[in-house]
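One structure below.
The values are calculated or read from the model by the stated rules, or taken from the named source; none is laboratory data. Quick caveat, the model's predicted, so the values are computed rather than measured. Here the Cβ positions follow ideal geometry from the backbone for every residue, glycine too, while neighbour counts run over all protein chains shown. Accessible surface is based on the protein model in full, side chains and every heavy atom, while ligands, DNA and RNA are left aside. Shrake-Rupley method; radii C 1.70, N 1.55, O 1.52, S 1.80 Å.
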Amino acid sequence: MPTFPRRRPPGAAPKPPRFSRLKKRFGRRADRVQGERGRGIYLLPNAFTTGALFCGFYAIVMAMNQRFEHACWAVFIAMILDGLDGRIARLTNTQSEFGAQYDSLSDMVSFGAAPALVIYEWSLRGLGKLGWIAAFIYCAGAALRLARFNTNIEVIDKRFFQGLPSPAAAALVVGFIMMMTDPDINVSSRQVDWVSWGIAVFAGLTMVSNVPFYSFKDVNFRKSVPFIVVFLIALALALLAIDPPKVLWPIFVIYGLSGYAVFAWRAAKGKPVSIIPLDDDEPDERLRR
């Protein structure tokens, strides 16, 4: 049966050739893909994140070489770099989703895998299966804590952390090792292996708990303070310079227990202990908590 071309209405624009239509269609797609591939990342904040990641990897290497003092200091340096990258990104207006995800992966290495391996190599290895189980509880707690932080970041009360922050948990673990290896104390790892086991398990479980820990995010550094505050800061720095291992670890022990104190105080007062609002229809709920 013969076919005839479809009649076009009078006055209609001529139909472009098929090749031109394909070129226009795939040209737009190619330009869009090229634009997505050409999108770069911000150098300054991600450089600090890379430095923190390097410190975590360096701590693992030093622990495998039985140089635990270097490993512990590498974790503390990673804490400083981790605290700077986010603030630098906000100050320079260079926040990005890539930087947030990269920071979480760096934290997992520096404050999850590295402290677990350091304390396992230093003390937990002699406990056999119970030793590596404690190290795994800590490592898994850090991973779960970071994943929960990324998913709840928009709904939690900004004044508190939900569970012990992973940098503080890492400081609790490696700070204990630094203090035990201090020349003035010099305690063998075999004498405190069960203490190390308890600290690793406590830090791992506290990271995944709902205990609120103060975040210090509502501190306004641009606000004027009394003169005594500056003097106390100078005094704290002087004490830290005298003997860092003996000063740092008690500070993080106090912080690690402060969340439970806040939890108990809220429960005793009948106040909500959760920092996540139960009803999104009440916008000021998190402020009342």
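Annotations for the structure displayed:
- For F160, distant residues with modelled amide H under 5 Å away: S215
- With contacts taken as Cα pairs under 8 Å and at least 6 residues apart, the stretch 66-182 reaches a relative contact order of 38 percent.
- Gyration tensor (alpha-carbon) shape descriptor, the stretch 176-269, a/c threshold 1.5: oblate
- Our coupling estimate for the stretch 86-93, obtained by passing each phi through the Karplus curve with A = 6.51, B = -1.76, C = 1.60 and θ = phi - 60°, is x, 5, 5, 4, 6, 5, 9, 6 Hz, Gly and Pro reported as x.
- Phi angles of the stretch 111-125 translate, via the Karplus equation with coefficients 6.51, -1.76, 1.60 and θ = phi - 60°, into HN-Hα couplings of 10, x, 6, 4, x, 4, 5, 4, 6, 5, 5, 7, 9, 7, 4 Hz per residue; Gly and Pro are given as x.
- Measuring between their Cα centroids, the stretch 208-274 and the stretch 53-97 lie 21 Å from each other.
- For the stretch 139-145, Karplus couplings with θ = phi - 60° (6.51, -1.76, 1.60), whole Hz, Gly/Pro x: 4, 5, x, 5, 5, 5, 5
- Ranked from largest to smallest solvent-accessible area, with a 1.4 Å probe on the protein heavy atoms, M62, M108 come out as M108, M62.
- In this Cβ point-charge picture (+1 for Lys and Arg, -1 for Asp and Glu), the stretch 90-162 has a dipole of about 220 debye about its Cα centre.
- When peptides 167-173, 180-186 are ranked by their average number of other Cβ atoms within 10 Å per residue, the highest-first order is 167-173, 180-186.
- For the stretch 109-164, the relative contact order is 31 percent, taking Cα pairs closer than 8 Å that sit 6 or more residues apart in sequence and dividing their mean separation by the residue count.
- Three semi-axes describe the equivalent ellipsoid of the stretch 72-221; taken as square roots of 5 times the Cα gyration tensor eigenvalues and ordered largest first, they are 29, 16, 14 Å.
- Protection proxy ranking of 141-152, 117-128 - average other beta-carbon atoms within 10 Å, highest first: 117-128, 141-152
- Net charge dipole, the stretch 101-254: roughly 260 debye, given to the nearest 20, about the Cα centre with Cβ charges of +1 for Lys and Arg and -1 for Asp and Glu.
- Mean Cα-pair separation over length for the stretch 164-249, i.e. relative contact order, pairs under 8 Å, 6 or more apart, %: 45 percent
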